[in-house]
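Structure first, commentary second.
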Amino acid sequence: SQLAQTIASANTGNSGEWWIMDMSAYSKAYPDSAHKTTDAAKQAYINAAISSLQKSNVGDTTYDKAILSLTAIGADATQLYPVNSNTAVNAVEGLNSVTQSTSVWSAPYTLAAYNQADYAGTETYERTLVDAILAAQGEDGSWTEYGMTLDTTANAIAGLSFYAGESAVDQAIEKGVAYLSAELAKSTNGSYGNANTDAMVVVALASAGIDPSTDVRFVKNGHSLMDGLLSYALTYNSGLGYMNGNSYNDYATEQSFRAIVAATHVIKTGQ
């Protein structure tokens, strides 16, 4: 889409961890695009990631982000060499060694990190997190933390999607999707009320192989969830706003860009 292209063109030099990951996914969804992360930005990110992993008291979130974004640009997260060192940093072993949060704001990213490759010795950690997420689902199909249900439910679905095929996981995803569909029915324009929530739900649906632009569960009053998300786009497609399409918001733009890329993939491939 023109919106994705314009956003991508503005972030080829962005070495922020999520932008590194998003731009890599963009390159796969739009292989003919000229807008790619520069080598300098990739190197800056690699240097920053290795540096962050060498600090004391590194937590699961730092490991998660490093594994996801380093893998996205083709680096081996188990073989990271600091400058002037012959001793590799292994981010996966590091993740195994720390306390892992079972929060649905955190655990789905740990599960995503573990699923970037066929790492040895992670099954027990994965099982613990999957079981914790399943146990936390409400009767109505939602996951609630800090008074939030939409973003959290979306995040839980995205994390569980790696384990689709397990009956308990499939049932949980189905219930979660049904909850999100019912909540969207309260909308008149296909949006949950802000770009970030729309983006998180789009990513969740894409992870479950659901097309957020055509699936009847996410078309309400003639407007799809993708219509809702794109309603926050700024004039000239320079980015997106949070509550409206009038003022640029970096967080909304990054998450929405990620969502558009995810939606593009599922629309093209059905997966």
Lone qualifier among LYS28, LYS55, LYS42, LYS36 - being of a type outside the set (Ser, Thr, Tyr), touching a His at 6+ places or on another chain (Cβ under 8 Å) and open to solvent by 60 Å² or more (accessible area, probe 1.4 Å): LYS28
Spans of helices (runs of 4 or more DSSP H) in the range 171-271 with at least 3 residues within 22 Å of GLY138 (Cα to Cα) and of a type outside the set (S, T, N, Q): 195-207
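Tally up the residues in the range 241-271 that are without any contact (Cβ under 8 Å) to a residue 60 or more places away in the chain and closer than 10 Å to ALA199 by Cβ, please. Spell out how you get there, then give the answer.
Of the residues in the range 241-271, the ones without any contact (Cβ under 8 Å) to a residue 60 or more places away in the chain are 241-252, 267, 269.
Imposing the further condition that a residue be closer than 10 Å to ALA199 by Cβ reduces the set to 251-252.
Counting residues in the range 241-271 that are without any contact (Cβ under 8 Å) to a residue 60 or more places away in the chain and closer than 10 Å to ALA199 by Cβ gives 2.
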Failed condition for ALA49, given (1) within 19 Å of the chain's Cα centre (by Cα); (2) of a type in the set (A, V, I, L, M, F, W, C); (3) farther than 22 Å from GLN79 by Cα: (3)
All positions within the range 220-238 that are in contact with a strand residue (DSSP E or B) (Cβ under 8 Å, 6 or more places away or on another chain) and touching a residue at least 60 places away in the same chain (Cβ under 8 Å): ALA233
Number of the condition not met by VAL169 [criteria: (1) closer than 30 Å to LYS36 by Cα; (2) within 20 Å of the chain's Cα centre (by Cα)]: (1)
Complete set of residues in the range 132-186 that are of a type in the set (Phe, Trp, Tyr) and either modelled with pLDDT under 95 or open to solvent by less than 60 Å² (accessible area, probe 1.4 Å) (or both): TRP143, TYR146, TYR163, TYR179
Top-ranked residue in the range 200-228 [being charged (D, E, K, R) and touching a Ser or Thr at 6+ places or on another chain (Cβ under 7 Å); ranked as modelled with the highest pLDDT]: ARG217
Residue in the range 59-67 that is open to solvent by 40 Å² or more (accessible area, probe 1.4 Å), acidic (Asp, Glu) and either at pLDDT below 95 or assigned to a helix (DSSP H, G or I) (or both) present: no
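Which residue, of SER97, SER106, SER101, is open to solvent by 40 Å² or more (accessible area, probe 1.4 Å), in contact (Cβ under 8 Å) with a residue 40 or more places away in the chain and among the polar types (S, T, N, Q)? If you could, list the steps in order and put the result at the bottom.
Working: SER97 fails: in contact (Cβ under 8 Å) with a residue 40 or more places away in the chain; SER106 fails: open to solvent by 40 Å² or more (accessible area, probe 1.4 Å).
Just a single option satisfies the conditions, and that option is SER101.
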Residue list for the range 70-87, restricted to those being loosely packed, with under 13 Cβ neighbours inside 10 Å, at pLDDT 95 or above and more than 20 Å from LYS28 (Cα to Cα): GLN79
Extreme residue, farthest from the chain's Cα centre (by Cα), among residues of the range 138-166 that are within 27 Å of ASN194 (Cα to Cα) and among the aliphatic types (A, V, I, L, M): MET148
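Among ALA195, ALA204, which is within 20 Å of ALA4 (Cβ to Cβ), touching a residue at least 60 places away in the same chain (Cβ under 8 Å) and under 17 Å from the mean Cα position of the chain (by Cα)?
ALA195
The values are calculated or read from the model by the stated rules, or taken from the named source; none is laboratory data. Keep in mind that this is a model prediction, so the values were computed, not measured. Neighbour counts are summed over all protein chains in view; Cβ atoms, including those assigned to glycine, are modelled from backbone coordinates with ideal geometry. For the accessible areas, the whole protein counts, side chains as well, though only heavy atoms, and no ligand, DNA or RNA atoms are used. Shrake-Rupley method; radii C 1.70, N 1.55, O 1.52, S 1.80 Å.
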